[in-house]
1. How far is helix 342-359 tilted, in degrees, relative to the longest principal axis of the Cα atoms in the chain, given as a value from 0 to 90 rounded to the nearest 10?
2. On a full-extension model of 0.36 nm per residue, what is the gain between Leu988 and Arg1072, subtracting their alpha-carbon distance, rounded to one decimal in nm?
3. I'd like to compare 861-872, 924-935, 696-707: which one has the highest average count of other Cβ atoms within 10 Å, and what's the full order after that?
4. Could you work out how far the C-alpha centroid of the stretch 946-1010 sits from that of the stretch 198-267, in angstrom?
5. Have a look at the DSSP beta bridges in the chain and tell me what percent are antiparallel, nearest 5.
6. May I ask you to derive the FRET efficiency for Tyr1029 and Val737 from their Cβ-Cβ distance with R0 = 45 Å, giving the value to the nearest 0.05?
7. Please work out the Cα center distance from the stretch 551-630 to the stretch 98-146, rounded to the nearest Å.
8. If each DSSP helix of 4+ residues adds -39,500 (n - 2.57) and the sum is divided by the residues in the chain, what number results at 222 nm, nearest 500 deg cm²/dmol?
Amino acid sequence: MASVPEWLERAVADFARACQERLAGGAGGAEAAIRSPLEQLMREAGAQFGLDVVMHGEAPLADLGVRLDYAVRVNGAVTGYLEVKRPGTSLDPEGFRGHNHRQWNRLKKLPLLIYTNGNEWRLYKSGRLVEKANLDGNLEAPGHPILISDSALERILIDFLRWTPPPIVSVDDLVETVAPLCRLLRQFVVDQMALEKKAVREGADEWRQPFSGLARDWRSLLFPTVSDTVFADYYAQTLTFSLLLARSEGIDVAGADMNAISVQLRAGQTHELMGKALQLLTESATDQLSDLLDLLRRVIGAVDWHRVRRGERDAYLHLYESFLNMYDPELRQNSGVYYTPREVVDSMVRLTGEILANRLNTPDKFLAPTVTTVDPAMGTGTYLHAIIEQTAQQVTDRQGPGSVPSAISSLAERLMGFEKQMGPYAVAEMRAVDLMRSYNAKLPQHGMHMYVTDTLDDPFVAVPSIASAYEPIARSRRRANDVKGKIPVTVVIGNPPYRRAAEGQGGWAESGGCGRRAPLDRFRMTGNGRMEYVLKSQYIYFWAWATWKVFESLDNGHHGVVAFITPAGYLKGPGFKGMRRYLRQTCSEGWVINVTPEGMEPDVSTRVFPGVRQTLAIGIFVRRRTGVDSDTPADLYFSEVTGQRDDKYRRLKNISITDSSWRHIRNDWDAPFTPTSESSWDDYPALGDLFPWTTTGITSNRRWVYAPSPDILRRRWAVLVGERNPTRKSVLLKRTVDRDIDSKVEPLNGYLPNPKNLREETEPCPEPRRVAYRFLDRQWIIPDRRVIDRPRPNLWAAEVRGQVFISEQHSQPIGPGPAVTFAGLIPETHHFKGSEGGRVIPMMHPDGSGNVAPSLLQALGREYGKSVSVEELTAYIAAVVSHPLFTTRFLDELQTPGVRVPITRTSKLFDQAVHLGQELLWAVTYGATAADIDQGRPPNAIAFSSGDARRIVNVSSMGDRLPEHISYDEAAQIVHVGKAGFGPVTRLMWDYSVSGMRVIKHWFGYRKAEPGGRRTSPLDDIYIDRWPYEWVQEFNELLTALRRIVDLEEAQALTLEAILNGPVITAGELARAGVRFPRTDRERQPRANHM
């Protein structure tokens, strides 16, 4: 064991004696009592090592909750932080609670941190415990000796006081070291602004609050609507990335003050905006902030950019995404920051270049002096850099490497990028300058044309006059507005943010202004308004802005290209009909590449963006200056890439607009952007045209109003109405835009009015009513409009005798299983497959009449030589469409959402299908419809007879506890639900699914010990503790229905093949026979029962 030096023994003895005296005196708190002795100990250690140690004590500001006790300066430079706890307090982070826990989580990633309670000392480096020391004895007992038994404390003091930042030689090192400091800086600003607001409320002059003033100026100059929290984030990222940018320019950030760094950064106007922002944001820094900034400078001063860059094509590519992962993962998710893979970027840039050369007669592509390119959400600048690289290679191939510097210098004058966040903007600028220098190219006079701006803001609003100190920032915003509003742009390319449900976040592109129509309005279509809520998405705002900018911003029109990779919803969704119509009407040609043909949430190994679960597509649309006929839809082409991620990258690398593999896209004005069918699919009538009235299912927007047992609902209701605290009652209800505890609404069909709102309600639960929650899953709902946001009153009115409800997924591609499903009860909005919605098609109107296109049944009757009823038509459709072979047979066609029905011209085949369909409808509605005792279909009873080997029985008891698991024994043909067994169950029954929803497992998921489903309220936790007998019966019925369904599949498949191999009646022929298919919303309305 190493000996303890005499000076340290003496210093520790002095420290202990001073602590004991101060603690015995009882003045102030125990923690405060040891502060002065601690400061003396640190100074003595510094003197012993020849170091000048200054302890900067923080003011005890309880409001902040994140301040450390000391910032420690050694020879004028901040070395680290020291946190003091009262003697006896545990320093083990595992035991921290409350304030200590929150503080530790915020501060544990600091480069250098000492925690001490006087006796115990802990040294942490970036959250890692590197040394621990103990002083033996009682600091609170005067005269009691304090012993130091080893050299651990000496090692802590030496390591702490002589610390220098280790060299940072990789992106990972950089992120892990810098992100925690940036996060601490953000929290400091948040807390400081809260204190300033408090001071103003107590009478302080609001114009003398430094951070509030900075935020006010920031809003005036750049982002008018940012909150204090967002400003704090901008502040922290701007400072951090300004210093990183300075370091990339070789500036000694550790050895210069902020003003000097700012001056050097602005030299030559290369980084004028970031340099000025650095100056303005730090010139009024408080002492406490200065300590943190000095530490940040020291750490960033250790970045060795030469080694960081070495050996990597683009060391910056992942920098900002990795930074956000460490700095604030939630912010990264909310802002949609995902780097665009270079393979995707390179392909999009190359294809756009092909289109410039071959469709716009611009053989020099991006280098042509007539081509100006903008990336409106440039992030870290990958698209612009790819354009530079591909252009450099183009020039090298055509003219030789000697021509590259001048060519790239010229190109840079017409490359522009917009970015809303300072962090990625700084990285983009860093990358661009680095790349330009690698080609010996000259930068534009005022630096790269990259701007911190919100692309979607009004470009025609004048930038306000402001103090000259802010002029560089104001000038940058004016230049950005000039690009957005005045300068002709030929190409807009990029990967815009994806956030959905972004109403109010689209700025001018969403709402218009200055007497100009909002670009988004061009994507609307008369009569489609109720579906167009999906347009309120950020990526659609960017599509609207880009198409306006390239195709319409000039009075006489313009030619150009828009190329984005975005979510693929606009390709098929009904809410995007107006957008598709606009693109077909405005453009000359377009190319669509589906990069996620697997559908939503594909396997990670297949995703071109590993972190993105949505379906994505590349869309490239071109408009030529001449030859655009707005009365003829544009020629559009479709392709897709399949396989694993690398397979897709290889396909993208080789794809060209001249490939023969492109398939023509449907050319109806508002049809989905999907390939034309190679079969007769498009000739078949659409299901939604045969049955004009369609609607969405019940949409409660809260899970707790459904349950598999009515007793659960009664208990939940009792808790809700019994809650007297309005705030807690609102939480129980789950307040929404449409419903709160004060809502007063009309009753559902057949129910008495209730004059009370939920705040006042005390009555028992309305009698629960059964609904079709999922396919074959009957659950219960509280039939009270006060707890159901959108109950669809017409659906309730349509629950007439013999009704059948068809569920169709009409807006998304469907997977294996039946193409439509059926129910005898009112369906919930996700009835079809448990997610992604869909629509409900009632067989009958509320007045009991058939929901069929006018004259349809008469036309079919003439064809078959007999009358045809709506019930028979529905049964025919069930037989033909509701089985897996139909989906497999038309897998490609069903990628275009919406089911079409091949209608046989043969009367015998029609009757055969009707019979099969009646068997199926009787089974799936549990005998509620299509009952016929003579045909062996008794009403409301679908069990097999007692002598039938297929009869489902419960072969073993459930036991007293709710089951946790379900499993299948194929050899025994038994499904095990906890301890219970049910059978016989075939493999086809066990595997039966609807577009990925495993029916048995999904049904069980709502009835197991810990039920599935999204939790929307504490009421969801109210459940039952054992399986009721009714569930045993229901499970038997579910298995029976599945057995009858799968037993019919072979006959259904043979009937379908016979229909397809014979003559069919097309939609056109039906129309010529007098059938009036719906064309307007008015023709799709329900017929109410007014009796």
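1. 70 degrees
2. Numbers: separation 84, 0.36 × 84 = 30.24 nm, distance 4.27 nm.
Length gained between Leu988 and Arg1072: 26.0 nm.
3. On the way: 861-872: 15.6, 924-935: 18.1, 696-707: 21.5.
Result, highest mean Cβ count within 10 Å first: 696-707, 924-935, 861-872.
4. Cα centres, the stretch 946-1010 to the stretch 198-267: 62 Å.
5. Details: 74 of 100 bridges.
Expressed as a percentage, antiparallel bridges in the chain total about 75.
6. Numbers: r = 41 Å, r/R0 = 0.90.
For Tyr1029 and Val737, the calculated efficiency is 0.65.
7. Distance between centres, Cα-based: 57 Å.
8. Numbers: 36 runs with 424 residues, N = 1091.
Result for the chain: -12000 deg cm²/dmol, rounded to the nearest 500.
We did not get these values from a lab; they are worked out from the coordinates using the rules stated. Please read these numbers as outputs of a predicted model, since none were measured by experiment. Glycine also receives a Cβ, built like all others from the backbone with ideal geometry; neighbour counts cover every protein chain displayed.
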